[in-house]
Amino acid sequence: MQVLDSIQTLREALGRARRPLGLVPTMGYLHEGHLSLVRRARAESATAAVSIFVNPTQFGPQEDLTTYPRDLSRDLALLEKEGVDIVFAPSLEEIYPRGFDTWVHVDLLARRLEGEARPGHFRGVCTVVLKLFYLFRPERAYFGQKDAQQALVVQRMARDLNTGTEVVVCPTLREPDGLAMSSRNVYLDHHQRRAATVLYRSLCLAQEMLRRGERDADKIRTAMMALLQSEPLVSKVEYVSIADKETLKELEHIGGPALVSLAVRIGRTRLIDNVTLTP
Ligand code: PAF
């Protein structure tokens with residue numbers, strides 16, 4: 001496994017790399033969810049590549065950039081075991097050299113949900129992902145359904161800018177009690193960790209209401225909200241959304257595939273989750 005931290009050495013390694021190349025962009029502190037993307041990339045590509053970069057431009061000023069968990073040597077050991085060929089773990093200056101002033105902006109899709117709750121977030125995500133696509137020229141890049149809007153926004157960007165990369169979206173991996181795997185779960189103490197299952201429980205409630213024939217999105221949102229607010233350790237519900245799966249426009253009536261998503265704070269930890277439901 002080649003571990004590279006400069007664009008120059010990455011270009012040299014990519015010149016020798018067999019194609020097709022599958023890229024898994026990450027911010028490190030890898031868990032089974034990331035590893036499932038890596039396994040898919042490994043299975044579908046001659047060269048499996050992973051990037052590890054905690055991208056400061058996608059964090060807001062009040063967010064957890066400084067405390068975001070990092071453990072490069074553990075990540076590298078995990079990736080080595082998975083048979084990854086190339087790991088790119090650049091410094092801040094390598095990605096954002098002095099005077100950096102070019103940004104990628106996806107418009108409508110990036111304004112809703114996470115875009116509204118975290119202004120500037122997708123501008124940071126798209127800018128770094130486009131740089132990675134431009135550097136690696138991957139035939140495929142792998143993203144998790146856990147960040148459903150990110151996957152849609154990156155797919156939109158890849159199509160609009162003709163990057164030539166197929167954006168592959170892989171299922172969310174969950175802990176046995178339903179909590180979606182996330183690097184941020186490490187912030188939760190024992191009580192908060194138990195309380196955090198309320199996210200998945202409220203998604204299951206939506207699924208169950210739909211199964212029983214409910215099609216009024218507002219009734220489902222209200223029931224989900226009530227369940228979330230019944231959990232004392234939930235400090236804030238940022239949004240509960242039932243939206244069109246492609247456009248992310250909020251629905252009144254559920255007549256086709258819907259993305260049910262939510263962002264909730266447990267103490268100071270912000271968690272997101274989603275499921276796609278089809279009536
Ligand atoms: O999902 C993530 O970990 C990040 O948003 C990504 C795609 C690696 C861009 O920094």
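Taken together, the values in this text are just the output of simple stated rules run on the coordinates, not laboratory data. This one's a predicted model, so the numbers in the text were calculated from it and none came from an experiment. Note that we place each Cβ from the backbone using ideal geometry, even for glycine, and neighbour counts take in every protein chain shown.
Values as computed for the structure displayed
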item	result
Segment Lys245-Ala226, extension gain: residue separation times 0.36 nm, minus the distance between their alpha carbons	4.5 nm
Within segment 98-146: Cβ-based charge dipole about Cα centre, in debye rounded to nearest 20 (Lys, Arg +1; Asp, Glu -1)	120
Under Karplus coefficients 6.51, -1.76 and 1.60, residue-wise ³J(HN,Hα) of segment 22-31 in Hz, glycine/proline x	x, 10, 10, x, 9, 10, x, 6, 5, 10
Three-way shape call for segment 77-172 based on the alpha-carbon gyration tensor, with the a/c threshold at 1.5	oblate
Likely footprinting exposure, His190, His31, fewest C-beta neighbours within 10 Å first	His190, His31
Computed E for Asn162/Lys236 - FRET, C-beta separation, R0 51 angstrom, nearest 0.05	0.80
Under 26 Å from the Cα of Lys219 - lysines, other chains or at least 8 residues apart	Lys146, Lys236, Lys245, Lys249
Kyte-Doolittle mean at least 0.0, axial Cα span of 20 Å or more - DSSP H helices of the chain	121-136, 197-211
Segment Asp107-Lys219, extension gain: residue separation times 0.36 nm, minus the distance between their alpha carbons	37.4 nm
Extension gain (nm, one decimal) between Arg18 and Arg74, 0.36 nm per residue minus Cα-Cα	17.5 nm
For segment 1-125, the spread of Cα positions along each principal axis, largest first, Å	39, 33, 29
Cα gyration tensor shape of the chain, rounded if a/c is under 1.5, else prolate or oblate by comparing a/b with b/c	prolate
Selection from Pro90, Val186, Leu152, by position along the positive dipole direction of the chain (Cβ)	Leu152
Prolate/oblate/rounded label for segment 207-262 (Cα gyration tensor, a/c 1.5)	oblate
Helix-only [θ]222 nm of the chain, DSSP H runs n ≥ 4, -39500 (n - 2.57) each, per residue, nearest 500	-11500 deg cm²/dmol
Under-5 Å amide H pairs with Leu188, H placed in peptide plane, nonlocal only	none
Gap separating the Cα centres of segment 21-99 and segment 153-203, nearest whole Å	15
Met157, Met209 arranged by Cβ crowding within 10 Å, fewest neighbours leading	Met209, Met157
